[in-house]
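> Following this message is one structure expressed as structure tokens.
The values are calculated or read from the model by the stated rules, or taken from the named source; none is laboratory data. As the structure is a computational prediction, the values presented were derived from the model and not from experiment. Cβ sites come from the backbone with ideal geometry, for glycine too, and all protein chains shown count toward neighbours.
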Amino acid sequence: MNITKIESYRIKLPLLSPFKTSYGYLTHKAMDILVVTDELGNQGFGELVAFEQPDYTEETLETARLVLVHHLLPLVINKNIHHPNDVIPLFSVVRGNWMAKSAIETTIWDMYAKRQKMSFAKLFHSQSTDIEVGVSIGIQKSIFDLLAVVSGYVDAGYRRIKLKIAPNQDISFVKAVREAFPNILLMVDANSAYTLNDVSIFKELDCYELSMIEQPFGYSDFLEHAILQKQIKTPICLDENIRSVEDVILAHHLGSLGAVNLKISRVGGIFQAQKIVDYCNERGLMLWCGGMFESGVGRALNIAFASQQGFNFPGDISASNRYFEEDIINESFVLDNGRISVPNKDGLGVSLNEEMLSKYGTHHILYQV
Ligand SMILES: O=C(O)CCC(=O)c1ccccc1C(=O)O
Ligand SMILES: [Mg+2]
């Protein structure tokens, strides 16, 4: 495959409703959409999913864009890439910067799949034509508001509810939701808002039949999570601190890997994410696909990737209408009985909507032969 053109669209989409976490408040989601063209005219699409603020992990959209243009693109331009798995080894001289690497690698995967005339579902040996999905709910102003929001999503059919929590907005919220919905799959995500001084809070949360507690402690901590796991029965799910299969192995050996929230972008692309899927699958570990408020491009990838063997819990992959009024693809992902269909056209199986791209973004040519 020879790359003949690389373009990006810098997009910013308003969220249908603002999203509050333990660390911030999001009203819009910005992302860059990459388009890579090969010598035959095949076009791959991919998404740079980093947030504008470095408050989830270290990367921001701007830092990732700089690394991508100055350090990563020169490593793939004029290289004869036979398979997308060749891309990540080319990046070995660049440390970290996982989301920047993932953006290019996944775009080249789409271009490759289209050359091969294969869907991602087929490339990933998908197990089913649709997947069970969940929804992640931001911190609400009151218990009354939270119950109304949860009720809406339960009625819509979502198979698992995740509540964001923060100190003082935790036990009473969980208790109210559990009492109102005794049988739903329920979990919480703290986004690193607690420390070991808060063990008593987790011992209380341990009484509400939660499927898991996501990332209670530091975004790069392993030890404290292991210490907490010894004291509670609810599995701890790791998100922020998992950047590679080595991190998964470390957490597993320390005893803090109750479950993994896998985001392809956070671990540097499909090549690395697949290693994590294989590790978890071989050991029967709990694994599910996380989300980054992706546009339809990143969402299509998550849906196809999560349809393979090894994913065994509904992820943060919601329908298009949970996030944005308008998206930048022509297709839309709809919830049907708690499930979303896996695209079956070549590659990601989605097409860009030119009108939406120009309404919500700007076009940039990054490279052309
Ligand atoms: O629905 C989604 O796309 C993900 C929702 C979510 O929980 C999240 C959203 C933004 C940043 C971090 C997280 C997270 O998983 O911690
Ligand atoms: Mg999380």
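> For the subset of region 118-142 comprising residues that are among the β-branched types (Val, Ile, Thr) and within 16 Å of ligand 2 (Cβ to nearest atom), which member is farthest from Asn281 (Cα to Cα)?
Ile139
> In this structure, is Phe181 aromatic (Phe, Trp, Tyr), over 16 Å from Ser22 (Cβ atoms), more than 16 Å from ligand 1 (Cβ to nearest atom) and surrounded by fewer than 18 Cβ atoms within 10 Å (Cβ to Cβ)?
The answer is yes for Phe181.
> From the list Thr37, Thr60, Thr27, which one is buried (at least 16 other Cβ atoms within 10 Å of the Cβ), over 25 Å from Ala113 (Cβ atoms) and of a type in the set (Val, Ile, Thr)?
Result: Thr60 is the single residue among Thr37, Thr60, Thr27 that is buried (at least 16 other Cβ atoms within 10 Å of the Cβ), over 25 Å from Ala113 (Cβ atoms) and of a type in the set (Val, Ile, Thr).
> What are the pairs with Cβ atoms under 9 angstrom where one residue, in region 44-67, is free of Cβ contacts under 8 Å to residues at least 12 places away in the same chain and the other, located anywhere, is of a type in the set (D, E, K, R) and assigned to a loop (DSSP other than H, G, I, E, B)? Sequence gap at least six, or different chains.
Pairs found: Thr60/Glu52; Glu62/Glu52.
> State which residue is farthest from ligand 2 (Cβ to nearest atom) when the search covers only region 328-340 and only residues that are closer than 15 Å to Leu301 by Cα and crowded, with 17+ Cβ neighbours inside 10 Å.
That would be Glu331.
> Right, here's the next one. Conditions: (1) in the same structural domain as Leu48 (by TED's automatic domain parsing); (2) within 16 Å of ligand 2 (Cβ to nearest atom); (3) of a type in the set (Lys, Arg). Lys359 meets all but one. Number of the miss?
Lys359 satisfies all of (1) in the same structural domain as Leu48 (by TED's automatic domain parsing); (2) within 16 Å of ligand 2 (Cβ to nearest atom); (3) of a type in the set (Lys, Arg) except (2).
> Report, by residue number, each residue of region 341-369 that is assigned to a strand (DSSP E or B) and surrounded by 13 or more Cβ atoms within 10 Å (Cβ to Cβ).
Answer for region 341-369, where residues must be assigned to a strand (DSSP E or B) and surrounded by 13 or more Cβ atoms within 10 Å (Cβ to Cβ): Ser341, Gly347, Leu352, Gly361, His363, His364, Leu366, Tyr367.
> If you take the residues in region 279-319 that are within 15 Å of ligand 1 (Cβ to nearest atom), among the aromatic types (Phe, Trp, Tyr) and not in a loop (DSSP other than H, G, I, E, B), which one is farthest from Lys164 (Cα to Cα)?
Ranking the candidates gives Phe305 first.
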